[in-house]
Every structure is written in structure tokens, then in C-alpha cells.
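Student: Here it is, the structure, as C-alpha cells.
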Amino acid sequence: MSIERIGAAGTGTGGQSLPFCQATVANGFVFVSGQVAMNENGEVVEGGIVPQTHKTIENLVTILAKAGCTLKDVVKANVWLDDARDFHAFNRVYATYFGAAMPARACVQSPLMIDAKVEIEVIALAPRA
């Protein structure tokens, strides 16, 4: 089995290096590390759950593209929400990205490691070479 690492080092707030890669491709699957609404400057976008969900999914799209995947290739998503009251607003945004190709999903409330409203990790089926 071959393993490919995408994005050798994770980046945290303020651009600090973190001990994980953006994604790992193994055995036909792409495992994307949990993403938050971090912009290019290493700062979490402001404005609450709606803009943070958009930015988080956009970050996932960028990483998936590096592995030759799109959101349609996602088979499983794990979601952590900082506040359960954001669940319905999160779902409205999430649905606009996945449409009819909804992956299996878990969604739980949990305090996050940084001051973000949402974190999402996904598993995608890698395209055949």
C-alpha cells in the first residue's frame, strides 16, 4: 500500500506550524485533517457560524483538489460545532455545498481547540489513475 501526504505541515492560528499534514491518501481514500475557518493569514474569519462554515468548506475544497477530488467524492464527514444552537444555520450552508451528493456524516457539539465555531474533517474516495 502506498501512502501520500498532502501539505506536509498543518498550519494553525498566526501561521504556526502544527504536527499534521493537510491530507493523507491511502488505499484509495483521501483522509483530510479537520479544517476550521482559517484565512490565508492564519486567522479565523469573523462573523459567526455562516461565514465560518463557508470558509471551512472552501478550505476542504482546496485540499481535496490537491488530491484530484471534489466534494462529490466525499463519502464521510465528521463535524464539530462549538455551539449546538448553530446546528440549523450550519446545515443550511452545508447543504448548499453537497447538494444531492450528501456523504455519511456525524455532527457533535464540542469545545474546539481554537476560537472557531466549526471544524470539519472528511474522507473522500480517491479518483482512479
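Student: Straight-line reach from Lys117: which lysines fall under 19 Å, measuring Cα to Cα and dropping same-chain residues less than 8 apart?
Tutor: Lys55
Student: For the range 1-122, give me the percentage of DSSP beta bridges that are antiparallel, rounded to the nearest 5 percent.
Tutor: Taking every DSSP beta bridge within the range 1-122, about 75 percent pair in antiparallel fashion.
Student: A follow-up question, please. Write down Rg/Rh for the chain, rounded to two decimals, with Rg from the C-alpha atoms and Rh from the Kirkwood relation over Cα pairs.
Tutor: Here the Rg-to-Rh quotient is 0.95.
Student: For Ala65 and Val108, compute 0.36 nm times the residue count separating them, minus their Cα-Cα distance, and round to one decimal in nm.
Tutor: So the chain would gain 12.8 nm between Ala65 and Val108.
Student: What is the packing order of peptides 28-38, 94-104, taking the mean over residues of other C-beta atoms within 10 Å and listing the highest first?
Tutor: Values: 28-38: 20.4, 94-104: 12.5.
Per-residue Cβ counts within 10 Å, averaged per peptide and sorted highest first, yield 28-38, 94-104.
Student: Please report, in debye to the nearest 20, how large the charge dipole of the range 1-126 is about its Cα centre when each Lys and Arg carries +1 at its beta carbon and each Asp and Glu carries -1 there.
Tutor: Roughly 400 debye for the range 1-126.
Student: Further, regarding this structure: Over what distance in Å are the Cα centres of the range 21-51 and the range 96-129 separated?
Tutor: 9
Student: Further question on the same structure: Using only helices, what value at 222 nm comes out for the chain when you add -39,500 (n - 2.57) per DSSP H run of length 4 or more and divide by the total residues, to the nearest 500 deg cm²/dmol?
Tutor: -7500 deg cm²/dmol
Student: Under a crude label model (7 Å from the Cα following the beta-carbon direction), how far is His88 from Asp115 in nanometres?
Tutor: Simple spin-label model gives 2.8 nm for this pair.
Student: A further question on this structure: Tell me, which longest segment in the chain has none of the GluC sites (Glu not before Pro) that fall in DSSP loops with at most 16 further Cβ atoms within 10 Å?
Tutor: 47-129
Just so you know, all these numbers are worked out from the coordinates, no wet-lab data involved. Everything quoted here is computed from the prediction, not taken from an experiment. Cβ coordinates were reconstructed from backbone atoms using ideal geometry, including for glycine residues, and neighbour counts include every protein chain displayed.
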